[in-house]
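What follows is a set of notes on a single structure, which appears directly below.
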Amino acid sequence: MLITKKDLIIVFSMLFILISMPFNFLYNYFLVTGVIPSIPGFGYAIINHIFALIVFCFFIFNFKLFFILKKCFFVFIFFSIYVFLFSFLNLTYFHYAGDFGVFIESFVFLIYFCCFFVSFSFYYNINKNIFRNIFLLMFFIAIFEMNFSNIIPFSFDNIAGKTEGHISYQLVSFFMLITWVMFFFKEESFINRIIFSFLILFLLLISGGRSELIGFVVAGIVTLLAYFIFSTTQKHKKYIFMFLGGSSIIYLSIYLISKYANLFESSRHTQILDFENSSSWQEREYLYRMNVQKIIDNPILGSYGSHKELGDGAYIHNALSAWQQFGIVGFILYLILIFIPILLAIYYLFKDKDRYNIYPFLFISIYVAILCIATKPIFWPYASISLGLLFAYMKNRKEIF
């Protein structure tokens, strides 16, 4: 059987997503529990980077596969070239000349930004079964680790008895969610959709990622409303799903609050509105004020790499980080790439309804917009995921039409 370039890209895209997210979760879990030894040298990240470079090379030599939306694609390319040149000039001529540590942060972001775009643009072509099985494995690990005395059982550092060196609770939550996304919207069974909806809600609740949970709830409600309004499936299924879903959420909430109220006292989720006492909010506010001042001092070109002066990871936790790092032009381009998918998702929802399964694209575009604008810095390359789903939807639309 002849294997085409497209087939190879699909295979490596699936492997890249698996290695970057669910396999990353499993590796770190089995590492901290002592089941497997650590990978010498650069650790698990080197495997990630190798597959990222493979996907990136496919992208470089197969531009035509992404010409289905030329204007949008060219904005993406322009942003990518701009980021690289801006970073290169700062490496060679400006304040951080010769500082490869600052440059690598931007360069790795750019590579993964492109790779997520490529990989998720084949969303409808990627097999769902392996993601479903890994998701169930994640769930059973959660049940095994859940001792009902700590609401964040996936703090791998706590399991290992260490304070650093493993993936954070935000990444754990995100890996769970993306693993769920890769199969959920392809499920045909009505019962399976209900079951997996509650499983991911449970996992996000106990894993501790606040913005991941809020993003899921908001994007999920909007997507569910779109399903009720635009779905062409039988009406009685909608009403059954609405009744079972609504009543189950109400019952589950009342049950958990009444029986396990003490469990949630230490939960990060209860600190969402506690601005005065939450150390997390106070730290983010401090970083925000210090870094925004850098933007005010340099409004046109920003202040590339200046967040490093406060320490590793001391960036603004929202879209303004793009302004600080890449100036006003980079910030505007970044916002355009965030809003293009969500605007087109709404447009095609009214135009196509659900003839081409628009729901994963709608869900991810809302979810990514919430995280990128409000809680995640540009160095978390989530914006390209919704952009990739946009191209996936357009290709799926064209092939089915």
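The values are calculated or read from the model by the stated rules, or taken from the named source; none is laboratory data. Everything numeric in this text was worked out from a predicted model, so none of it was measured. Quick reminder, even Gly has a Cβ in these numbers, built from the backbone with ideal geometry, and neighbours come from all protein chains shown. For accessibility, only protein heavy atoms count, side chains too; no ligands or nucleic acids. Shrake-Rupley method; radii C 1.70, N 1.55, O 1.52, S 1.80 Å.
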Does any residue in segment 299-323 that is within 19 Å of residue 285 (Cβ to Cβ) and assigned to a loop (DSSP other than H, G, I, E, B) come within less than 9 Å, Cβ to Cβ, of a residue that is at pLDDT 80 or above and of a type in the set (Phe, Trp, Tyr) six or more places away or on a different chain, and which pairs are these?
313/379; 315/379; 316/323; 319/331; 319/334
So how many residues does segment 334-379 have that are open to solvent by 10 Å² or more (accessible area, probe 1.4 Å), touching a residue at least 60 places away in the same chain (Cβ under 8 Å) and outside any helix (DSSP H, G or I)?
6
If we scan segment 302-311, do we find a residue that is at pLDDT 85 or above and in contact with a Gly (Cβ under 6 Å, 6 or more places away or on another chain)?
yes
Kindly indicate whether any position in segment 83-102 is of a type in the set (A, V, I, L, M), touching a residue at least 60 places away in the same chain (Cβ under 8 Å) and within 25 Å of residue 339 (Cα to Cα).
yes
Can you tell me which residue within segment 287-298, out of those that are outside any loop (DSSP other than H, G, I, E, B) and over 19 Å from residue 101 (Cβ atoms), is most open to solvent (accessible area, probe 1.4 Å)?
289
With (1) open to solvent by less than 20 Å² (accessible area, probe 1.4 Å); (2) at pLDDT 85 or above; (3) under 16 Å from the mean Cα position of the chain (by Cα) as the list, and residue 184 as the residue in question, which single condition is left unmet?
(1)
Filter segment 381-400 for residues that are surrounded by fewer than 21 Cβ atoms within 10 Å (Cβ to Cβ) and either free of Cβ contacts under 8 Å to residues at least 24 places away in the same chain or of a type in the set (A, V, I, L, M) (or both) and give the result.
394, 399, 400
Regarding segment 69-83, can at least one residue be identified that is farther than 28 Å from residue 298 by Cβ, buried (at least 16 other Cβ atoms within 10 Å of the Cβ) and modelled with pLDDT under 85?
no
